[in-house]
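> The following block contains the structure, expressed as structure tokens.
The values are calculated or read from the model by the stated rules, or taken from the named source; none is laboratory data. Given the structure is predicted, the values throughout are model-derived calculations rather than measurements. Every residue, glycine among them, receives a Cβ derived from its backbone with ideal geometry; neighbour counts consider all protein chains shown.
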């Protein structure tokens, strides 16, 4: 393990717990670390006992955390004219059909999330080569293709979290800010873990949740006992 270089990193390394802790204690330990001046994002990494090479064990979805994540997202909505007004009222920075597709095709990419109604996917499919590599293509599995597109806009604009396992079986997501009260972080993290628990693929055998770690943007990780 590399030796921490900064004074703050060295001090944090000395007090970092060496064993897994109950959730409340883990959050308390995390908030005791010395941090930078900015409000750090609190992140969770879960190492799962899944085989990422098997399609039926891949995990992907989205979670609206009870206390949010402390930041908003720029959302665009692919929808019909009837839904466009409501989508904008719910926080979409752009909403529409063919005209929005053309705007993005022409190079505009000033957004973080794209949602779409199912009937619009035939139009959105034209953007596959543009949105796909950036992870912005609307998908039913991620919850970004839905009949209630206005509600999806509202949730994602408020910071709804998307998750997807990587090739090593890890799931990584933001679960709040360091400035959150401890009880809010506990509620968000506990909710995230429960959702992932309930999402266990039926074909996954053995230990499902192998390790859970939370950390700030610039802190050591703290393991949670699960």
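> What are the residues in region 78-101 that are farther than 15 Å from residue 152 by Cα and either in a helix (DSSP H, G or I) or outside the structural domain of residue 136 (by TED's automatic domain parsing) (or both), if any?
Passing the criteria: 81, 82, 98, 99, 100, 101.
> Residue check, residue 104 against (1) in the same structural domain as residue 165 (by TED's automatic domain parsing); (2) not in a loop (DSSP other than H, G, I, E, B), all met but one. Which one?
Exception for residue 104: condition (1).
> Hey, another quick one. Being modelled with pLDDT of 95 or more and under 15 Å from residue 95 (Cα atoms) is the filter here; which residues of region 122-135 pass it?
124
> Among residues belonging to region 1-20 that are at pLDDT 85 or above and in a loop (DSSP other than H, G, I, E, B), point out the one that is surrounded by the most Cβ atoms within 10 Å (Cβ to Cβ).
For region 1-20, the residue satisfying everything is 16.
> Right, next: Being assigned by TED's automatic domain parsing to the domain that holds residue 196 and under 30 Å from residue 212 (Cβ atoms) is the requirement here; does residue 139 meet it? If you could, list the steps in order and put the result at the bottom.
On the way: assigned by TED's automatic domain parsing to the domain that holds residue 196: no; under 30 Å from residue 212 (Cβ atoms): yes.
No; evaluated as a whole, the condition is false for this residue.
> Just to be sure, is residue 182 in the same structural domain as residue 62 (by TED's automatic domain parsing), in contact with a helix residue (DSSP H, G or I) (Cβ under 6 Å, 6 or more places away or on another chain) and closer than 30 Å to residue 15 by Cβ? Working first, answer last.
Details: in the same structural domain as residue 62 (by TED's automatic domain parsing): yes; in contact with a helix residue (DSSP H, G or I) (Cβ under 6 Å, 6 or more places away or on another chain): yes; closer than 30 Å to residue 15 by Cβ: yes.
The answer is yes for residue 182.
> Restricting to helices (runs of 4 or more DSSP H) lying wholly in region 108-226: which have 2 or more residues that are surrounded by fewer than 17 Cβ atoms within 10 Å (Cβ to Cβ)?
121-124, 128-131, 182-198
> Take region 127-138 and flag every residue that is within 12 Å of residue 78 (Cα to Cα) and touching a residue at least 24 places away in the same chain (Cβ under 8 Å). Explain how you work it out, then say what you get.
Step one: filter region 127-138 for residues within 12 Å of residue 78 (Cα to Cα), giving 127, 137-138.
Matches in region 127-138: 127, 138.
> Those residues that are over 18 Å from the mean Cα position of the chain (by Cα) and over 15 Å from residue 47 (Cα atoms), I need them from region 175-226; list them, please.
Those that are over 18 Å from the mean Cα position of the chain (by Cα) and over 15 Å from residue 47 (Cα atoms): 179, 181, 182, 183, 202, 203, 218, 219, 220.
> Going by what's in this entry, would residue 26 be described as outside the structural domain of residue 199 (by TED's automatic domain parsing), buried (at least 19 other Cβ atoms within 10 Å of the Cβ) and either at pLDDT 95 or above or farther than 30 Å from residue 183 by Cβ (or both)? First the steps, then the outcome.
Details: outside the structural domain of residue 199 (by TED's automatic domain parsing): no; buried (at least 19 other Cβ atoms within 10 Å of the Cβ): yes; either at pLDDT 95 or above or farther than 30 Å from residue 183 by Cβ (or both): yes.
Taking the combined requirement at face value, the residue does not satisfy it.
> Okay, next question. Output the residues belonging to region 21-41 that are over 28 Å from residue 166 (Cβ atoms) and not in a helix (DSSP H, G or I).
Hits for region 21-41 are 34, 37.
> Then there's this: Filter region 42-77 for residues that are assigned to a strand (DSSP E or B), modelled with pLDDT under 95 and buried (at least 16 other Cβ atoms within 10 Å of the Cβ) and give the result. Quick ask: steps written out before the conclusion?
We begin by selecting, within region 42-77, every residue assigned to a strand (DSSP E or B); these are 42-48, 60-63, 75-77.
From what's left, modelled with pLDDT under 95: 60-63.
Passing the criteria: 61, 62, 63.
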